[in-house]
Amino acid sequence: MKLAVIGTGYVGLVSGVCFALNGNQVICVDKDAEKISKLNQMESPIYEPGIEALIEMNTQEGRLSFSADLRDSVRRSDIVILAVGTPSLPGGEADLRYIEGAAAEIGQAMEGYKIIMTKSTVPVGTNEKIRQIISTHTRHPFDVVSAPEFLREGSAIQDTLHPDRIIVGLDNPALEPLMRELHQGFTDNIFVTDIRSAEMIKYASNAFLATKISFINEIANICEKVGADVTEVAQGMGMDRRIGSSFLQAGIGYGGSCFPKDTNALIQIAGNVDYEFKLLESVVEVNKGQRFMIISKLHESLGSLRGAVIGVWGLAFKPNTDDVREAPAREIVEALVAEGATVKLYDPIAADNFRQQYDHPQLRWCGLPEEAAAGSDAICLLTDWSVFKDIDLHGLAESMRRQVLIDGRNVYSKEQIEGTGLEYHSVGRPQ
Ligand code: UGA
């Protein structure tokens, strides 16, 4: 099939590459000419393990190309995939300006029948809006399909090639065989539903996963007070198939470009129809507070942080990405600076992105985890990068001024810490 994918962010680029890998003819389109020129040189504008090799292979084999010309790309395609961003407006609502702009341009470009498939996360009713916008610009027939994406940053290619399920929302049943053919080889688990339900499935799924995280974080906070171990609790809970074991890792809370944005948008969607989504409001509230547990633990160990030297390990919102959007590290580092600490920062790949968003004379940028630790009063582990798991903890303790290790992701076991001389604090586990 001939596809045009509008938007070369995580969703667009990864989908484009994977559909090309599946034998389709794909044009990835972006307004940003710089991104397109990078892509033409086989350079990915996003950090995602394995993506550049796939870009190169698909391009060389003639299935994948890049263009800044939306109209031409639409004309040359049968299916147009919308994968532009839907960032948050100040009130939490999704900003649909890129979706609406692209829809208008698609309508203007059309010279015959097209299928418009939305992969961007959009509020319920948006695909109908897309339909209206397109129809004001064209007399040609077209269909609209909602196909929300569930990939995770860092494992985006695997998630796309082997998803748990594919959701397809449509109102023209004749499209079902074509949608199955398009996704052939990814999974047979294709759930076909109506457009509004498909739009809601995406928000409800992200909101539910965020709820699991805030839930286990609150359980962890209680575990600390009653002397239970949240990792044991999560393991025991997860054995019940109705609960499931994933997304029960306690820590400093969720970040990233999706959960914070989508939970707020769903609260807003509910509010627009006079429904107060109290449970989700609490999930968001708990998540906002959870990161400051790091600061409380530092106070318990060190007292005042004025003049203290604090090492921070990990700035990305999770491992295997350079993405620092809504990363809990940002507010933690800001709080440390505000309390008068000198902060030594290390992240394997996200430090440049972090520094572009926030820099301060009290920050010291380090090229190695050991460098961030040397002479520090405490280390705060904020992202569970695998490099931290293999650190020599004895050497670490010796290099520090005071031996406090705050593990915000429960990376180390009791056995690893024993005998190192470190004062170790984790999340929801007995000290
Ligand atoms: C999330 C969803 O997992 C994807 O299914 C979805 O497609 C995507 O949002 C999106 O809407 O585009 P992502 O934001 O890439 O994917 O990252 P996750 O791996 O889900 O992690 C999100 C955050 O939750 C991270 O900060 C992570 O550290 C935190 N987390 C996750 C926990 O604190 N505990 C857990 O048990 C799991």
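The values are calculated or read from the model by the stated rules, or taken from the named source; none is laboratory data. Since this is a predicted model, take the numbers as computed values, not measurements. Virtual Cβ from ideal backbone geometry, glycine too; neighbours counted across all protein chains shown.
Tabulated data for the structure shown
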{"item": "Whichever residue in segment 167-184 is in a loop (DSSP other than H, G, I, E, B) and more than 18 Å from Gly12 (Cβ to Cβ) and, among such residues, is nearest to the chain's Cα centre (by Cα)", "result": "Gln184"}
{"item": "Residue check for Thr187: assigned to a loop (DSSP other than H, G, I, E, B), touching a residue at least 24 places away in the same chain (Cβ under 8 Å) and within 15 Å of the ligand (Cβ to nearest atom)", "result": "yes"}
{"item": "Residue that is within 12 Å of the ligand (Cβ to nearest atom), assigned to a helix (DSSP H, G or I) and modelled with pLDDT of 95 or more, where the choices are Ala250, Ala220", "result": "Ala220"}
{"item": "When residues of segment 117-166 are limited to those that are small (Gly, Ala, Ser) and assigned to a helix (DSSP H, G or I), the one surrounded by the most Cβ atoms within 10 Å (Cβ to Cβ)", "result": "Ala156"}
{"item": "Residue in segment 5-19 that is surrounded by fewer than 24 Cβ atoms within 10 Å (Cβ to Cβ), in contact with a strand residue (DSSP E or B) (Cβ under 9 Å, 6 or more places away or on another chain) and part of a loop (DSSP other than H, G, I, E, B) present", "result": "no"}
{"item": "Answer residue from segment 36-58, given it is in a helix (DSSP H, G or I) and touching a helix residue (DSSP H, G or I) at 6+ places or on another chain (Cβ under 9 Å) and is nearest to Thr121 (Cα to Cα) among those", "result": "Ile51"}
{"item": "Verdict on Asp322 being out of contact with any Pro (no Cβ under 7 Å at 6 or more places or on another chain) and either in the same structural domain as Gly154 (by TED's automatic domain parsing) or modelled with pLDDT under 95 (or both)", "result": "yes"}
{"item": "Cys258 vs. criteria within 11 Å of the ligand (Cβ to nearest atom), touching a residue at least 40 places away in the same chain (Cβ under 8 Å) and surrounded by 15 or more Cβ atoms within 10 Å (Cβ to Cβ)", "result": "yes"}
{"item": "Given (1) of a type outside the set (D, E, K, R); (2) assigned to a helix (DSSP H, G or I); (3) within 14 Å of the ligand (Cβ to nearest atom), index of the condition Ser282 fails", "result": "(3)"}
{"item": "Of all residues in segment 42-85 being surrounded by 15 or more Cβ atoms within 10 Å (Cβ to Cβ) and small (Gly, Ala, Ser), the one that is modelled with the lowest pLDDT", "result": "Gly85"}
{"item": "Hits in segment 297-331 - residues which are closer than 16 Å to Asp407 by Cβ, within 16 Å of the ligand (Cβ to nearest atom) and surrounded by fewer than 22 Cβ atoms within 10 Å (Cβ to Cβ)", "result": "Lys318, Pro319"}
